[in-house]
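Here is the structure we will look at.
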Amino acid sequence: MDFGFTNTEWFFGTMIMDKLNEIYGFQVVVNNLGNFTMGAVLTLEITLFSLFIGMIIGMIAALGRMSKVKIISFISVTYIDFFRGTPLFVQILLLYFGVIPLIFDATPVQAAIIACGLNSGAYVAEIVRAGIQAVDKGQMEAARSLGMTPTQSMRFIILPQAFKIVVPPLINEFVMLLKDTSLVSAISAHELTHTGKMLYASTYQAVWVWGAVCVFYFIMTKAISMLGDWTERRLAN
Amino acid sequence: MIVVKNLHKSFDKLEVLKGIDCHIHQKEVVCVIGPSGSGKSTFLRCINRLEEAQQGQILIDGEEVTAPNADINRIRQEMGMVFQLFNLFPHKTTLQNVTLAPIQIKKMNREEAEDIAIGLLRKVGLGDKDNVYPSQLSGGQKQRVAIARALAMHPKVMLFDEPTSSLDPEMVGEVLEVMKDLALEGMTMIVVTHEMGFAREVGHRVFFMDEGILMEQGTPTQIFDNPQNPRTQAFLSKVL
């Protein structure tokens with residue numbers, strides 16, 4: 001092969017290029033700390049909003065799933081099965097390009113929150129259901145025997161006890177959700193992974209760019225699990 | 001006061017109650033005895049509809065508990081229940097266990113409910129344990145709190161479902177003592193129990209149940225000293 005330069009030239013050329021890359025690669029991260037941070041903040045925002053939606057929908061779906069009214073439990077089970085049984089990536093694409101445009105004109109971030117929220121809701125529903133069912137049956141009987149309605153029994157007796165049980169799995173869900181939001185980069189929501197894609201495309205610094213993205217994700221997930229440990233310790237007392 | 005007519009209850013194909021008929025009068029203490037699996041607890045749980053009977057009627061002061069449109073939540077307020085496993089609310093202090101139902105259901109104000117609750121806790125001998133969580137109490141103490149919790153709603157009837165069966169032997173006495181005081185005050189009580197001494201001493205009437213049938217009933221003297229039914233005789237010969 002003839003590239004138009006000698007072996008020696010080629011050898012020293014690549015050495016210089018490699019050296020430059022090492023220096024320049026590091027610079028990519030330093031120069032774009034602001035961009036990474038903005039991406040991380042948006043990732044956190046999408047996660048928090050999704051989790052909020054997921055908690056509300058999940059709570060409703062969990063109670064719906066346990067409902068004695070057939071149609072309500074059927075709808076809840078179908079919802080949970082669909083969102084747990086299909087890939088989140090596909091759900092994001094389906095909702096952003098297919099379903100949401102039929103209803104309103106959503107920005108990628110809005111669509112991302114809706115998709116992740118709906119997906120998370122299905123997992124939260126199962127966590128909440130497990131938590132409620134883990135509370136001893138005698139608790140419900142004691143509450144009902146005092147004359148409480150099913151709603152009062154749930155509110156004063158079952159849910160406060162279930163809450164303690166569901167905190168660890170909910171924190172886990174929070175962490176999973178934060179990592180899963182990386183998939184919304186596919187619909188150009190400018191979160192952390194999308195920032196990584198853009199910077200990689202303009203610099204080709206795979207190790208530096210994706211390494212930095214990993215570090216940013218890790219800082220966030222670590223913070224959440226520390227928050228979870230703290231909550232658990234508080235609740236234990 | 002309580003009338004039970006032809007009560008039937010099955011769990012799937014297993015028939016647990018095969019037609020129970022009885023009357024329980026006001027201020028009467030009825031002790032239900034019999035072997036395990038005889039349907040005693042199920043009978044008790046049907047009275048406040050923790051179990052739904054398939055057939056038959058239960059009337060309390062003329063009001064049909066078993067009617068499909070009965071206001072079961074209001075009826076249950078007038079029936080206290082004490083469980084074998086206490087079922088105290090572990091996330092609430094003993095005082096909160098006792099005040100919860102009066103405050104939330106009867107909309108009583110907190111001070112009044114707490115006054116009543118302190119009085120009841122004193123009555124069951126736990127006046128100094130109001131700020132303690134159930135996990136810090138012994139079994140006997142838990143059961144006494146459970147009794148106070150049920151009494152806080154001023155029930156007309158108290159249902160006891162084997163209240164001493166899960167207690168260490170040395171704690172049985174303190175719970176029975178509280179129940180005895182309650183009986184002396186004139187509370188109408190239905191007590192499912194294996195404590196034959198209690199049934200004999202405190203009970204006005206004893207029901208012997210076996211295989212879902214109320215085999216024999218009578219005063220403690222009749223049942224314990226002169227049982228007529230061979231099943232009663234066989235049972236008592238094993239436990240006494």
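Remarks
- With at most 12 other Cβ atoms within 10 Å, longest stretch of chain A clear of loop chymotrypsin sites (Phe, Trp or Tyr not before Pro) (DSSP): A:105-203
- Low-density loop cleavage sites - trypsin sites (Lys or Arg not before Pro) in region A:15-109, where at most 12 other Cβ are within 10 Å (DSSP): A:Lys68
- Heavy-atom accessible surface that B and A bury in contact, both chains counted, 1.4 Å, Å² to 100: 1600 Å²
- In this rough spin-label picture, where each label sits 7 Å from Cα along the Cβ direction, the A:Thr231-A:Tyr204 distance is 4.5 nm.
- Interface burial in region A:143-175 reaches 50 Å² or more for A:Arg144, A:Ser145, A:Leu146, A:Gly147, A:Phe156, comparing the full protein assembly with the chain by itself; accessible area from heavy atoms with a 1.4 Å probe.
- Within the accessible area of the protein assembly as shown (1.4 Å probe), percent carbon and sulfur: 60 percent
- Neighbour cut-off at most 13 other Cβ (10 Å), DSSP loop, GluC sites (Glu not before Pro), region B:1-91: B:Glu52
- Surface accessible to a 1.4 Å probe, B:His204 within the full protein complex, Å²: 90 Å²
- Listed by chain and number, the lysines whose C-alpha is less than 19 Å from the C-alpha of A:Lys19, apart from same-chain residues fewer than 8 away, amount to an empty set.
- Rounded to the nearest 5, the antiparallel percentage of DSSP beta bridges internal to the protein assembly as shown is 55%.
- A 1.4 Å probe run over chain A, with the rest of the protein chains in place, finds 57 Å² accessible per residue.
- Note on the protein assembly as shown: with charges restricted to the Cβ of Lys and Arg (+1) and Asp and Glu (-1), its dipole about the Cα centre is near 520 debye.
- Solvent-accessible surface ranking, highest first, for A:Met154, A:Met176 at 1.4 angstrom: A:Met176, A:Met154
- Shape category assigned to the protein assembly as shown from the gyration tensor of Cα positions, a/c cut at 1.5: prolate
- Percentage relative contact order, chain B, counting C-alpha pairs under 8 Å, at least six apart: 27 percent
- Helical mean residue ellipticity (222 nm; -39500 (n - 2.57) per DSSP H run of 4+; nearest 500) of chain B: -10500 deg cm²/dmol
- Whole-Å distance, taken between Cα centres, linking region A:107-145 and region A:38-65: 11 Å
- Per residue, in Å², the accessible surface of region B:200-240 once ligands and nucleic acids are set aside, probe 1.4 Å: 53 Å²
- Computed about its Cα centre, the charge dipole of region B:42-111 is approximately 380 debye, with only Lys, Arg, Asp and Glu carrying charge at their Cβ.
- Other-chain or far-sequence residues with amide H under 5 Å of B:Met81's (modelled H): B:Leu159
- Cleavage-rule hits (GluC sites (Glu not before Pro)) in region B:143-227: DSSP loop, at most 12 neighbouring Cβ within 10 angstrom: B:Glu185
- Anisotropy class of region A:22-236 from Cα gyration tensor, a/c 1.5 cut: oblate
- Against the main long axis of the alpha-carbon atoms of chain A, helix A:70-85 sits at an angle near 20°.
- Given charges at beta-carbon only (K, R positive; D, E negative), |dipole| of region A:22-236 in Debye: 700 debye
- Residue among B:Phe43, B:Thr164, B:Leu100 farthest towards the positive dipole end of chain B, charges placed on Cβ: B:Leu100
- Estimated from helices alone, the mean residue ellipticity of chain A at 222 nm is -27000 deg cm²/dmol (sum of -39500 (n - 2.57) over DSSP H runs with n ≥ 4, per residue).
- Inter-centroid distance (Cα atoms) of region B:135-195 relative to region A:154-225, Å: 53 Å
The values are calculated or read from the model by the stated rules, or taken from the named source; none is laboratory data. All of these numbers come straight from a predicted model, not from anything done at the bench. When we count neighbours, we look across all protein chains shown, and the Cβ atoms used for this are built from the backbone with ideal geometry, even at glycine. Protein only, heavy atoms only, side chains kept; ligands, DNA and RNA dropped before computing areas. Shrake-Rupley method; radii C 1.70, N 1.55, O 1.52, S 1.80 Å.
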